[in-house]
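Note sheet for the following structure.
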Amino acid sequence: DSAFGLAGVLRRDDNNQPYLQILAISNIAWNKVAIHFHKQHESDEMRITNLENLLGTVISKKMPILNNNLRNEPRHGEPHRGHPPLENFLGIPLRGEGDQVVGLIGVANRPEGYTKKLVDFIKPLLVAAERFIEAYRHQDERRNLMAQLKDQAEYDTLTRLPNRALFMDRLHQAIHYS
């Protein structure tokens, strides 16, 4: 019943700064400018880099944040220009191995607000989401390691020049296609 929602995985950039990579989000096209922006960037990786807000609090406190009166919430932060006002919010951290926060689910503007009873009710869904995020992270780590191994197998680590194995592979390809 919530008007807005998102699910994201916690990542770190090249400077080791945390950000939230959005995996799923409700329709954010609330006006013409937002519709245009969404269409331009719908295939891009959506990131939330400013975590000095309720989403960041969910991550740092490692516990659900439930607020049914956001008008008086100092951690609310400034919404994007044109975004409809948020009346209430529920943010739930998703935990991975070692109880570390690996992502979060956030919802807002449920007409009847949010309760602890609702959080308890959706716990099985949260466990499934946590497993999904862990599988996603492991798949991503595996893909990165495979790319590193391929790079190390084909290029000299000191000079970054193609090594003999890559040269021979490309030579065989050239002979095959000529």
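The values are calculated or read from the model by the stated rules, or taken from the named source; none is laboratory data. In this text, all values refer to a predicted model and were calculated from it rather than measured experimentally. Here the Cβ positions follow ideal geometry from the backbone for every residue, glycine too, while neighbour counts run over all protein chains shown. Note: accessible area is taken over every heavy atom of the protein model, side chains too, but ligands, DNA and RNA are not part of it. Shrake-Rupley method; radii C 1.70, N 1.55, O 1.52, S 1.80 Å.
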Helix 123-154 sits at what angle to the longest principal axis of the chain, using alpha carbons and giving 0 to 90 degrees rounded to 10?
20 degrees
Helix 164-177: inclination vs the chain longest Cα principal axis, degrees, rounded to 10, gives 80 degrees
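Estimate the FRET efficiency between ASP140 and THR115 by the formula 1/(1 + (r/R0)^6), using the beta-carbon distance for r and 35 Å for R0, to the nearest 0.05.
On the way: r = 35 Å, r/R0 = 0.99.
Efficiency computed from Cβ-Cβ geometry: 0.50.
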So how do LEU90, LEU118 rank on accessible area, 1.4 Å probe, biggest first, that is with the largest at the start?
LEU118, LEU90
Treating cross-link reach as a plain straight distance, find the aspartates and glutamates whose alpha-carbon is under 16 Å from the alpha-carbon of LYS123, omitting any fewer than eight places away in the same chain.
ASP99
With a probe of 1.4 Å, find how much accessible area the chain has per residue, and write the answer as a whole number in Å².
70 Å²
Taking just the alpha-carbon atoms of the range 107-147, what radius of gyration and Dmax come out, in angstrom?
15.8, 48
Largest fluctuation, PRO64, PRO93, PRO85 only, Gaussian network model of the chain with Cα springs under 10 angstrom, belongs to PRO85
Per DSSP helix of 4 or more residues, -39500 (n - 2.57); summed, then divided by the residues of the chain. What does that give at 222 nm, rounded to the nearest 500?
-12500 deg cm²/dmol
Of (1) 48, 20, 18; (2) 42, 20, 15; (3) 44, 17, 12, the label for semi-axes √(5λ) of the Cα gyration tensor in Å derived from the coordinates
(2)
GNM, the chain, Cα, under 10 Å: largest mean-square fluctuation among ILE122, ILE65, ILE48?
ILE122
Residue of ARG95, ARG47, ARG164 that the Gaussian network model of the chain assigns the largest fluctuation, springs spanning Cα pairs under 10 Å
ARG164
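Quick check on my link table: of LYS61/LYS116; LYS32/LYS117; LYS32/LYS62; LYS62/LYS117; LYS61/LYS117, which ones sit more than 26 Å apart, alpha carbon to alpha carbon? Numbers along the way, then the final one.
Working: LYS61/LYS116 17 Å; LYS32/LYS117 37 Å; LYS32/LYS62 36 Å; LYS62/LYS117 19 Å; LYS61/LYS117 20 Å.
Going by Cα-Cα distance, LYS32/LYS117; LYS32/LYS62 fall outside the 26 Å limit.
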